[in-house]
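Trainee: I'd like to ask you about the structure that follows.
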Amino acid sequence: MSKLKRTLFAAGILFASIESIAQTYINLYPGTVPNSISGPNQEIHAANASVDSLTSKVSVPGLTIFLPTKEIATGTAVIICPGGGYGTLLIKREGSDVARAFNKLGIAAFVVKYRLPDSKIMKDQSIGPIQDAQQAIKTVRARAAEFGIDPAKIGIMGFSAGGHLASTAGTHFETRYVDEAGKTSLRPDFMILINPVISFNDSTGHIGSRDNLLGKNAKPEKIRLFSNELQITKNTPPAFLVHSGADVVVPVSNSIEFYKALNKNGVSGALHIYSKGEHGFLSYPSFQEWFGRVAEWMKTLN
């Protein structure tokens, strides 16, 4: 083999290696999934005209890794929790599409395919999703050097019910739902919450998400525990929230009350409310519009 061919062959291997690292799927847990009841994997992937695709009946959680090229990498990472009311996951529109947009900014992204609450596959369905979110934070932080990221610049992002999960990770980190004796910090360094479900109260909460996570007969103390506007302390990480005032699915008061609680506790936060736009921003504002505001806010974290 000539020197030129050897060089091209080596470059091809290197390129393939970079590509495989740039988007890799791994099981979230290296062994047994905690809090699980064994059974067949019945995960469903279905096309959807409005949001591209839906993933449901998730019992085997995973993490898809999206890494930017080394030339533009900033060392910052975002763990993304897709929405879907704790009944399904918009794994593309609110997952991989967003991850690739972060990569263009030099930001590493990790899309969590978290378990969806179901008493048939979980011993305690109320903690399955937060276990998976915490495991994702633990995994990314523990492997930060491998991924080329700063372990002190790992944030979490969520859409709708995924926003509830992300805000749970940002307000419940002192309770270790996984790795109870572990030393790796489970606190995200920042939160990005997109039209999020925050509260589970009767007046402003999204009852569908509450019922799916906690069950239809949840006790008042459990509802309060997972109403995350009530769980903010001075140690809560900074947050960016964006919502539509015209959202009829998840009221904008969810974001407003969370921001007010951040402000009350002296935690840095940013809140942007659009005057129009449906839940999920399907037609307005554009992705470039609201995502641009996220990117601008992230610059203030450095």
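Trainee: As an exercise: evaluate R141 against (1) buried (at least 24 other Cβ atoms within 10 Å of the Cβ); (2) in contact with a Ser or Thr (Cβ under 8 Å, 6 or more places away or on another chain); (3) not in a loop (DSSP other than H, G, I, E, B) and give the number of the one condition it does not meet.
Mentor: (1)
Trainee: Could I ask something else about it? Which of the residues belonging to the range 246-271 are under 26 Å from S283 (Cα atoms) and either over 19 Å from the mean Cα position of the chain (by Cα) or charged (D, E, K, R) (or both)?
Mentor: Result: A246, D247, V248, V249, P251, V252, S253, I256, E257.
Trainee: Same structure again: Starting from the range 169-191, take each residue that is without any contact (Cβ under 8 Å) to a residue 40 or more places away in the chain and list its partners that are among the hydrophobic types (A, V, I, L, M, F, W, C) and assigned to a loop (DSSP other than H, G, I, E, B), counting only C-beta distances under 6 angstrom and pairs at least six apart or across chains.
Mentor: Within 6 Å, the pairs are F173/L186.
Trainee: Would you confirm whether any residue within the range 131-138 is at positive phi and either assigned to a helix (DSSP H, G or I) or surrounded by 24 or more Cβ atoms within 10 Å (Cβ to Cβ) (or both)?
Mentor: So far as the range 131-138 goes, no, none of its residues is at positive phi and either assigned to a helix (DSSP H, G or I) or surrounded by 24 or more Cβ atoms within 10 Å (Cβ to Cβ) (or both).
Trainee: Filter the range 46-66 for residues that are small (G, A, S), assigned to a loop (DSSP other than H, G, I, E, B) and in contact (Cβ under 8 Å) with a residue 60 or more places away in the chain and give the result.
Mentor: The answer is S50, S59.
Laboratory data are not the source of any read-out in this text; all were calculated from the coordinates shown. Bear in mind the structure is a predicted one, so any value in this text is a computation, not a measurement. Using ideal geometry, Cβ is built from the backbone for each residue, glycine included, and neighbour counts are taken over all protein chains shown.
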